[in-house]
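What follows is a set of notes on a single structure, which appears directly below.
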Amino acid sequence: MAAIYVSLCVILGIASTINGRPRTEDERVMIDEFLPALLDRLQNNPEYAFLLDSDSPLKSTRQKNSPVQQQENWPENNLKLGQVAGVAVDNNGDVLVFHRGDREWGARSFDYNNELSQIEQNKGPIRNATILRLNQNGTVIQRLGANRFFMPHGLTVDQKGNLWVTDVGLHQVIKIPADPKDSGLVLGEAMKPGSDSEHFCKPTDVAVASNGHFFVSDGYCNGRVMKFTKDGMLIKSWGKPSNNPVEFAADDELFIPHSITLIEESNLVAVADREHGRIQLFTAGIADPNDTGRFVKSISNSRFGRVFAISYDPTDKMLYVVNGPTGQNKVAGFTVGLDGNIRDTWGPRNMNFDEPHDVAVSPDGHHVYVAEIRPNRITKFNK
């Protein structure tokens, strides 16, 4: 153990000096990737606690120095939630939460054809209000979505305040308009999974461009991304499902595209390829719809494990990423540059994330919200 202590101290010294010269690539990898992961491992293993006492130079300052800090006592006390599948923030700073109420996604929720089991269908739609609107103080100011959804999943709010949700039980994408004069939009056939242009199979998320075009990650079965006009006409579909190890997966082979976000100023759409543990960037075709779905680059890091959700913040040009339980990987939030480098890791104080399912950044870039399905909670971070 003494050798470990000395070695890490040497690395820490390298990180700050290197005789005034630029770091080599090997040194950068060692300092920026290996060291933080090792420090996290030490910090969370009681066997090494003696290395991390208050006088040790190895004492992690990740949370102390992180610009992403949890806001205590948020949301309001006694807010009862089911599995929190989705979270989004509108232009007023209100937080939208999509949860499953008394319904849970379990091993027997779907049959072998990916249809919601008859037992689940017989329960009818969830009686609870599945969509909650919270103000920035964490007080619920609106409840909606009761007796409508069967298995909530993704939630997005566009620049006009319209809500876009996906229901993996219904196999549908639904627009809930902010304007009561708007009739809304429903895509997909209720309870009927499929892989043609008229159907989805457990669609996971939606991203909406400023021109009204929207993208759907579809999802657990089809492994594809679909782009539509604002009226719901299909523009293009790309991607294919694959459970190959990521080393053998093509750029457009997706093993559960679980989350999607737009990087509109760069004409990119980013897709969380969950089980492959990577983020795939494709052209979004904002100005030219013909240039849609062309692969641009992949972002991956061994610290990700499985990538559950991503959200882009144009104010600092960063991706905010949450992973999920995967072997030895620490479940955490990551701030990731478009160059693929991890700038920061973050999480709740005095506890760990368990099963993050979605992440959202406020339009002003000041707040990050993480939804979890176990425990059923929503956590606010300030930055």
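When we screen GLU104, GLU115 for residues that are open to solvent by 20 Å² or more (accessible area, probe 1.4 Å) and either in contact with a helix residue (DSSP H, G or I) (Cβ under 9 Å, 6 or more places away or on another chain) or small (Gly, Ala, Ser) (or both), the only hit is GLU115.
Of all the numbered requirements in (1) surrounded by fewer than 21 Cβ atoms within 10 Å (Cβ to Cβ); (2) in a strand (DSSP E or B), PRO348 misses one, and that requirement is (2). Among the conditions (1) open to solvent by less than 60 Å² (accessible area, probe 1.4 Å); (2) of a type outside the set (A, V, I, L, M); (3) not in a strand (DSSP E or B), the only one that ASP288 does not satisfy is (1).
SER66 meets all of the listed conditions (1) modelled with pLDDT under 95; (2) over 22 Å from the mean Cα position of the chain (by Cα); (3) not aliphatic (A, V, I, L, M) but one, namely (2). Within the set ILE299, ILE373, the sole residue that is under 30 Å from ARG133 (Cα atoms), open to solvent by less than 50 Å² (accessible area, probe 1.4 Å) and either assigned to a loop (DSSP other than H, G, I, E, B) or among the hydrophobic types (A, V, I, L, M, F, W, C) (or both) turns out to be ILE373. One residue stands out among those in the range 77-87 that are closer than 12 Å to LEU134 by Cβ and open to solvent by 10 Å² or more (accessible area, probe 1.4 Å): the one that is modelled with the highest pLDDT, which is LEU81. Evaluating GLN136 against the criteria (1) closer than 16 Å to LEU79 by Cβ; (2) of a type outside the set (A, V, I, L, M, F, W, C); (3) assigned to a loop (DSSP other than H, G, I, E, B); (4) at pLDDT 95 or above leaves one unmet condition, (4).
When LYS236, LYS230 are checked against the criterion of being open to solvent by 10 Å² or more (accessible area, probe 1.4 Å) and touching a residue at least 24 places away in the same chain (Cβ under 8 Å), a single residue qualifies: LYS236.
Within this structure, SER237 passes the test of being at pLDDT 95 or above and among the hydroxyl-bearing types (Ser, Thr, Tyr).
The values are calculated or read from the model by the stated rules, or taken from the named source; none is laboratory data. Predicted model only: the values in this text are computed from it and were never measured. FYI the Cβ positions are ideal-geometry reconstructions off the backbone, even for glycines, and counts take in every protein chain you see. Areas reflect the complete protein model, heavy atoms only, side chains present, ligands, DNA and RNA absent. Shrake-Rupley method; radii C 1.70, N 1.55, O 1.52, S 1.80 Å.
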